[in-house]
């Protein structure tokens, strides 16, 4: 965990951090650190240098509670973390940073994501905890499935259903990791049912230093899994460490909160995305983004084609494949290099789009990989909701099942 300390502090951060906040962070651990703030040099520059050395060289001796705090602060010390903090603060009508600080010399340029995370941790713990939980809903490769129907009623406000779901999750993770803690947090938001599952992992034995002595301690790390379900479309997204866990969480959610264990088990449950608009549009195809003023440019960076059957997933199924890359429009380049190509009889296996947003005067490039039937990946989750809206507007998201919506549950 000492690495977290070294990652938390650097000279640029230490030169600008509010020392009152840093003192507030360290105060509860002063006795364990054998550290007295009042012994720091009176000169501010020297004081900041002394604090930098404390963090850089003393990380291995920091108490576990402080290390955990630093780890959580680091989790939100990113543009996505800062955005999550600000969005939650706005929802609650809370100002994360006083107007006086924003109006101070420098126009708040010192308020980096790390500064905001530190301030929120100390001054707005409820907002901070909610933002940490929100990060759990974003993963590089979540499991995404579509259910048997749209408009289903979710029993997320039914106490008995909530209790049954928690009990089932507890039994599953207790058998898997032998842990005893399993907490469920509910975050309905913008029509979505968001569920956070907090549970223990396998116990790990490690050597630590305590009061100048080497000791062996066994710890059980906690982790966060997340489920996000849209009852309007029947789509579910699950983040967990392994595919086995993701699939089991889907089954438990369907069993206890949808009262239908097979809700996500039907044929075609993973058919979420299609590249049919590009196949039919050919070289003239254009990405439609006129409704989004922040999306300035869209580049087709790569197109992979072969002659596998439509619906076949992954590599194989074709004696050949062709990957075309270009800095601006790989689709146009494909037709330029192979003018007789007919995408109507071929399969587009993968397409990569670079979406260039401009927010607050800064460019943000997001590379989106779409690979039918169920892959739509990108790293910057600040724009996740907006990107999926773009995918829907451009016809890349398969229509939900056409079965009738369910009437209200009894």
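The values are calculated or read from the model by the stated rules, or taken from the named source; none is laboratory data. Treat the numbers as computed from the prediction; the structure is a model and nothing was measured. FYI the Cβ positions are ideal-geometry reconstructions off the backbone, even for glycines, and counts take in every protein chain you see.
With respect to residue 59, is the statement that it is surrounded by 14 or more Cβ atoms within 10 Å (Cβ to Cβ), in the same structural domain as residue 17 (by TED's automatic domain parsing) and modelled with pLDDT under 80 true? It is true that residue 59 is surrounded by 14 or more Cβ atoms within 10 Å (Cβ to Cβ), in the same structural domain as residue 17 (by TED's automatic domain parsing) and modelled with pLDDT under 80. Of all residues in segment 231-273, those that are part of a strand (DSSP E or B) and crowded, with 21+ Cβ neighbours inside 10 Å total 5.
Take segment 326-374 and flag every residue that is assigned to a strand (DSSP E or B), in contact with a helix residue (DSSP H, G or I) (Cβ under 7 Å, 6 or more places away or on another chain) and surrounded by fewer than 16 Cβ atoms within 10 Å (Cβ to Cβ). Matches in segment 326-374: none. Selection within segment 211-220: residues that are at pLDDT below 75 and either in contact with a helix residue (DSSP H, G or I) (Cβ under 8 Å, 6 or more places away or on another chain) or assigned to a strand (DSSP E or B) (or both). The member of this set that is nearest to residue 165 (Cα to Cα) is 220.
Highlighted here are the helices (runs of 4 or more DSSP H) found entirely within segment 22-77 that include at least 3 residues which are closer than 19 Å to residue 119 by Cβ and within 33 Å of the chain's Cα centre (by Cα): 64-75. Screening residue 190 with (1) modelled with pLDDT of 85 or more; (2) within 29 Å of residue 148 (Cβ to Cβ) gives one miss only, at (1).
Return yes or no: is residue 287 touching a helix residue (DSSP H, G or I) at 6+ places or on another chain (Cβ under 9 Å) and part of a strand (DSSP E or B)? Answer is no for this residue.
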